[in-house]
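Colleague: Dropping a structure here in C-alpha cells format, bear with me for questions.
The values are calculated or read from the model by the stated rules, or taken from the named source; none is laboratory data. These figures come from a predicted structure and were not determined experimentally. We place every Cβ from the backbone using ideal geometry, glycine too, and count neighbours over all the protein chains shown.
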Amino acid sequence: MNHRELTNSLYGYLFVHFIGDHEDGEQIYFALSKDGMHWQDLNQKQPVLRSTVGERGARDPYLLRSADGSCFYLLATDLSIYHRGGWEHAQATVTGSRSLVIWESPDLVNWSEPRLVEAAPEEAGCAWAPEAIFDEENGDYLVFWASSRDAHDGDGRGHHIYCSRTQDFRTFTPAEPYITRGENRAIIDTTIIKASGKYYRASGDGQITIESSDRLMGEWKVISTLESLGLALTGKDVEGPEFFKFNGEEKWGLLVDQYATGSGYMPILTTDIGDPTGACWRKPEPREYDFGSLKKRHGSILPITQTEYEALKGFYRNESM
C-alpha cells in the first residue's frame with residue numbers, strides 16, 4: 001500500500017501510553033478512537049505490553065508505521081520510577097538508562113519481545129521520550145530523545161535533544177546533539193510531524209515552542225509558543241507535546257499533558273500549524289473530548305486503517321473484554 005492509498009484508507013486511531021509511576025503504571029497501554037477525541041481503553045485497562053528488560057519499566061511510548069508499511073515500531077523510555085523508589089530517590093537524570101526499549105509488530109496485535117538498544121552517549125545521564133520519523137531525503141529514520149549531560153559552566157546538568165539514525169531500529173549511528181537551548185535552559189519532549197511540505201516540531205523548553213524547517217537536519221525557525229498563540233499555556237502548565245493528524249481533514253492535534261494540575265492530556269486543535277497569530281488554533285471545550293477513565297500519560301497517537309482498527313477491537317474483545 002503506497003502513501004496515497006494508506007491515507008485514503010485511514011479510519012481510526014490507536015493511542016499508546018503509560019498511566020503513572022506506580023506498579024504496572026509504567027507499562028504500555030492501548031486505547032482506540034474513531035474520531036481522535038473520544039477514547040476506549042483496551043485490554044480491560046491492563047497493560048498490553050510489559051518491559052521485562054532494563055529497568056522493567058516503559059514510559060513515554062512512541063508508535064510509528066514503517067516507511068514501507070510492512071511493520072510497526074514502538075519505542076519507549078527505559079525507566080521505572082516505581083522500582084527506583086519514587087522520584088525523591090530516583091536520580092533518574094543522573095544514573096538513568098542510556099538505552100531505549102523497542103518492540104516490533106506486523107499488525108499491531110502480535111508483538112515481539114522487548115529489546116534494549118543503547119542510544120545515548122556515554123556522558124549522558126538518561127535517554128527520555130524517544131520519537132522517530134522517516135527522513136525521505138536520507139532514506140532512513142531519524143530517532144531523537146532527551147538526554148541530560150554536565151553543563152560546561154558547572155551549574156549542573158542540562159537536558160538537550162540528541163539524535164541518531166537507523167534503518168532497522170537495531171543498529172544506530174552514534175548519538176549527536178540535535179537541539180539545545182543553552183546550558184541553563186533545558187529542552188525535553190520534542191515531537192515532529194510533516195505537514196503541507198514542511199516539518200514542524202514542538203518542544204518543552206520552558207514554553208511549548210513550535211518551529212518549522214524544510215529539512216529535518218536543516219535550519220529551524222521559531223514560529224510561535226502556545227503562550228504567544230493566546231492559549232495561556234507555558235511549560236509551567238503543560239508538558240509532553242505530541243502532534244498527530246486527523247484523518248481525511250486538514251486538521252492537526254497537539255496533545256499536551258496538564259501535569260501541573262494532574263488533569264491529564266488536553267488536545268489543542270489547528271488547521272495550520274504554521275499560523276503564528278493564533279487564528280487557526282483553539283482549545284476545545286472539555287465536553288468535546290474524552291480520554292477515558294485511565295489517565296493518559298506521555299504517549300502517541302497513530303492513525304490506523306479500518307482493518308487495523310477492527311483487528312484490535314476484535315482481538316481485545318475476544319481475549320480480554
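Colleague: Residues being at pLDDT below 90 and not in a strand (DSSP E or B): count how many of those fall in region 141-175.
Modeller: Number satisfying all stated conditions: 6.
Results for (1) exposed (fewer than 14 other Cβ atoms within 10 Å of the Cβ); (2) aromatic (F, W, Y); (3) part of a loop (DSSP other than H, G, I, E, B), shown as yes or no for each residue.
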position: E250; (1), (2), (3): yes, no, yes
position: L269; (1), (2), (3): no, no, no
position: I273; (1), (2), (3): no, no, yes
position: L312; (1), (2), (3): no, no, no
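Rundown of residues vs (1) surrounded by fewer than 18 Cβ atoms within 10 Å (Cβ to Cβ); (2) touching a Phe, Trp or Tyr at 6+ places or on another chain (Cβ under 7 Å); (3) in a strand (DSSP E or B); (4) not charged (D, E, K, R), yes/no style:
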| position | (1), (2), (3), (4) |
| --- | --- |
| T190 | no, yes, yes, yes |
| T209 | no, no, yes, yes |
| L216 | no, yes, no, yes |
| S228 | yes, no, no, yes |
| G240 | no, no, yes, yes |
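Colleague: Which one of S196, S213, S228 is polar (S, T, N, Q) and modelled with pLDDT under 95?
Modeller: S196
Colleague: On to the next question. What is the one condition in (1) farther than 19 Å from L216 by Cβ; (2) surrounded by fewer than 15 Cβ atoms within 10 Å (Cβ to Cβ); (3) not hydroxyl-bearing (S, T, Y) that I102 does not satisfy?
Modeller: Going through the list (1) farther than 19 Å from L216 by Cβ; (2) surrounded by fewer than 15 Cβ atoms within 10 Å (Cβ to Cβ); (3) not hydroxyl-bearing (S, T, Y), I102 breaks only (2).
Colleague: If you check Q207 against the conditions, is it more than 23 Å from G299 (Cβ to Cβ) and free of Cβ contacts under 8 Å to residues at least 40 places away in the same chain?
Modeller: no
Colleague: Just checking, does region 240-257 include any residue being farther than 30 Å from Q306 by Cα and under 19 Å from the mean Cα position of the chain (by Cα)? Walk me through it before giving the result.
Modeller: Our first condition is that a residue be farther than 30 Å from Q306 by Cα; within region 240-257, this holds for none.
Within region 240-257 (the criterion being farther than 30 Å from Q306 by Cα and under 19 Å from the mean Cα position of the chain (by Cα)), the answer is no, since none of the residues qualifies.
Colleague: If you don't mind, there's one more thing I want to ask. Say whether the condition of being under 25 Å from I304 (Cα atoms), within 18 Å of the chain's Cα centre (by Cα), at pLDDT 95 or above and surrounded by fewer than 21 Cβ atoms within 10 Å (Cβ to Cβ) is met by at least one residue in region 49-62.
Modeller: Yes, region 49-62 has at least one match.
Colleague: Tell me yes or no: at least one residue of region 287-303 is part of a loop (DSSP other than H, G, I, E, B) and among the basic types (K, R).
Modeller: yes
Colleague: Across region 19-34, what is the total count of residues that are in contact with a strand residue (DSSP E or B) (Cβ under 8 Å, 6 or more places away or on another chain) and part of a loop (DSSP other than H, G, I, E, B)?
Modeller: Qualifying residue count for the region: 6.
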